[in-house]
1. Amide H to amide H, which residues 5 or more places from F81 or on other chains are under 5 Å from it, using H placed in the peptide plane?
2. Would you mind checking the pairs K296/K317; K198/K334; K58/K198; K254/K296; K58/K101 and listing those with alpha carbons more than 21 angstrom apart?
3. Under a plain spin-label model, where a point goes 7 Å from the Cα along Cα-to-Cβ, how far apart in nm are R211 and R336?
4. Write out the GluC sites (Glu not before Pro) in the stretch 209-310 meeting two conditions: DSSP loop, and at most 16 other Cβ atoms within 10 Å of their Cβ.
5. In nm, to one decimal, how far is the modelled label at K315 from the one at Q145, with both set 7 Å along Cα→Cβ?
6. Let me check against my output: what whole-number percent is the relative contact order of the stretch 2-159, with C-alpha pairs under 8 Å and at least 6 apart?
7. Taking K356 as the anchor, which lysines have their alpha carbon closer than 16 Å to its alpha carbon, excluding any fewer than eight residues away along the same chain?
8. In terms of Cα to Cα distance under 13 Å, which aspartates and glutamates are near enough to K315, apart from those fewer than 8 places away along the same chain?
Amino acid sequence: MKIALSGYYGFDNAGDEALLSAITSSIKRLQPSTEFVVFSGCPEKTAALHGIEAVYHKNPWQIFRKLLQVDLLISGGGSIFQDVTSARSLPYYISVVALAKLLGKPVIFYAQGVGPINRGFSKFLMRLVGNRVDLITLRDEDSCQFLLELGVTRPPLLVTADPVFSLEPEPSDRRNIEHLLNTNGLINRSMVGVAVRKWQALEGYQERLARLLDDLAARGFQIVFIPMAYPDDIDESRRVARLMHADACVLDEKLRSQEYLDLISRLDLMIAMRLHALIFAASRGVPFAGISYDPKVDAFMSLFGLQALPADYTKMKAEVDRLLGDAAFHAEIKDRAAEMRRKSEQNARLALSLVKKDRG
């Protein structure tokens with residue numbers, strides 16, 4: 001059996017690379033002989049990092065040839081079906097899906113977070129092609145409701161959970177993080193992790209966040225900036241760190257998905273704009289606070305009964321104090337994460353069922 005994967009892979013984004021690791025490892029646990037081919041922005045990086053075949057995502061001949069050879073196309077996970085960051089990305093990902101269906105291949109939208117989709121043409125494409133795929137699994141109720149309102153109603157729509165909840169670090173990942181922490185003088189420190197990104201609409205948040213982090217540092221926490229998209233997030237991390245009076249550590253190093261996972265498991269709190277920094281924290285039972293730049297952050301926070309950090313500093317500080325001091329909520333995170341881990345594993349079983357049905 002061979003499966004093609006189409007998503008935002010090969011661009012050094014820790015969240016998306018974690019998705020790829022999680023999807024392939026979940027399927028391998030159920031069907032060890034499965035082979036994969038990834039449509040990647042940098043095939044050499046993807047092949048080296050994940051040990052699987054990859055071809056350039058904008059080479060139409062290679063995409064066509066590989067789709068002819070596979071038994072299934074997995075589109076996603078992540079947030080590839082939106083038109084906020086680019087007007088071109090949704091038509092591209094939809095075109096890969098349309099080509100697979102024209103070639104008679106089963107297609108699953110795999111634990112997608114869908115939207116926002118604002119352009120009329122993007123909505124038309126989503127409705128047209130979305131109604132022709134075989135199965136859609138979604139990581140949150142908001143995405144499901146959005147698709148229904150858009151008119152995507154023909155394939156089954158199932159709300160599961162983000163694939164990353166099924167990911168586990170290896171012993172080598174733990175050793176590497178121990179070395180990283182030791183190198184940076186972070187062993188046996190109480191730590192608050194911070195994952196920020198540049199986002200024009202939130203300009204001005206940096207001063208409030210730096211003030212909050214100074215307060216946490218005064219209480220004995222080491223502040224550690226964790227660039228989830230490397231090296232893109234380094235400059236924004238350093239910008240916030242420079243606004244602080246206390247010393248902060250900016251980790252200027254590219255990590256594997258499972259290494260990020262192990263690193264975040266050692267934190268006392270994760271404060272993040274990056275969605276998968278929040279997901280990593282939740283999956284390891286670490287309290288987390290989200291800075292919302294996109295509805296996907298709000299949708300994820302709502303799964304745990306939380307809202308994004310308020311813009312008002314006093315309210316922001318009060319919420320962080322509550323998160324750090326609420327032992328009952330810490331236990332609730334662990335219980336909810338275990339439930340989402342089970343739901344996450346459903347995605348792989350559902351994907352494989354399409355291949356068996358097609359062969360049958």
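None of the figures in this text is laboratory data; all of them are computed from the coordinates on show. Nothing here was measured: the structure is a model prediction, and the numbers come from that model. Ideal geometry is used to build each Cβ from the backbone, glycine not excepted, and the neighbour counts take in all protein chains shown.
1. G115
2. K296/K317; K198/K334; K58/K198; K254/K296
3. Simple spin-label model gives 2.8 nm for this pair.
4. Here the GluC sites (Glu not before Pro) that fit, given the DSSP loop and packing criteria, are E253.
5. 2.0
6. 19
7. K2, K28, K105
8. Filter leaves no residues.
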